[in-house]
Amino acid sequence: MTPSRRLSRRQFGTRGLQLLGVSLLTGCDALSQSSWFAGVLERAEGLTRAVQRAITPRLALAREFAEADRSRVFPGNGTVDPSEPDYQALASTRFSAYRLEIGGLVERPASFSLAELRSLPSRTQITRHDCVEGWSAIAKWKGVRLAALLERVGVKPGARYVVVHCFDALREGGEKYYESLDLEDALHEQTILAYDMNDQALPVTNGAPLRLRVERQLGYKAAKYVRRVELVERLDGIGQGKGGYWEDRGYEWYAGI
Ligand SMILES: Nc1nc2c(c(=O)[nH]1)N[C@H]1C(S)=C(S)[C@@H](COP(=O)(O)O)O[C@H]1N2
Ligand SMILES: [Mo]
């Protein structure tokens, strides 16, 4: 085959994968659980990520909005009230005993109360949340910059991903929600662990007391009910190995918008 024919075939393949990527956005559990579909997603994903990073500068910010753009209603999705007893106990005293743990490949494993988190460098941003199921909503988020936290504990050489472990399981007794970012997204200016939403303490529906905001990716990356942050070299030992609760069920790991 001549090089130019090979190229056009590859371009055709790219189109096809993009179309499949778009079909994922309509969200369908049965489809996303098929292993054939998961394989297609895996191949499409590297492409989405490479394309996004080629066309947007490394540190590009996601769009920020004005106060007036905020949605009057911001839905809750997935878990909206964790039933786990340890979470319920913390919630019953308005999270006064909550501590965020940070461990794994860090120099100084630590834990932080909400007051301590509030005293660290913060960021406030009004951004749009895009859920894979097809809805979007705009809210104002304030939280500690993940970069500031990582600076506190010191990232060990060899650490490549930040894993966020949550309190909730979507089904009773099921696997707990978790998500992961690479260090580039973890250190991004808009990546925060938010404790306020629209100038109020984050409500339980939307992830109290602390949720991730990672604004250049789809909503399922924005883990709610964060319990623990872990620095790791590889993702294959976490959950079922794909780097997130929904990734383990076929969604893309890099969910660039
Ligand atoms: N811990 C946890 N985080 C989660 C989820 C969840 O079920 N549990 N759902 C995800 C999905 S799919 C979306 S769209 C958003 C929903 O956030 P919201 O409830 O604030 O709208 O949270 C994400 N983070
Ligand atoms: Mo979502």
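So here's what we get for this one:
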quantity: Note, ³J(HN,Hα) from phi for the range 85-95, Karplus 6.51, -1.76, 1.60, rounded to Hz, x at Gly and Pro; calculated: x, 5, 5, 4, 5, 5, 5, 5, 10, 6, 6
quantity: Proximal lysine pairs, the range 61-249, alpha carbons under 24 Å, eight or more residues apart or interchain; calculated: 11
quantity: Distance between modelled label sites at R72 and I257, nm, 7 Å Cα→Cβ extension; calculated: 2.2 nm
quantity: Solution diffusion estimate, µm²/s, Stokes-Einstein, the range 76-162, Kirkwood Rh from C-alpha pairs, 20 °C, viscosity 1.002 mPa s; calculated: 137 µm²/s
quantity: Two-site label geometry, E64 and S92: point separation in nm, points 7 Å out along Cα→Cβ; calculated: 4.0 nm
quantity: Rough spin-label spacing in nm, given labels placed 7 Å along Cα→Cβ, for E151 and E175; calculated: 3.5 nm
quantity: Placed amide H near A255: partners under 5 Å, 5+ positions off or other chain; calculated: L218
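Values quoted throughout were computed directly from the atomic coordinates according to the rules given, and no laboratory measurement underlies them. None of these values were measured; they are calculated from a predicted model. FYI the Cβ positions are ideal-geometry reconstructions off the backbone, even for glycines, and counts take in every protein chain you see.
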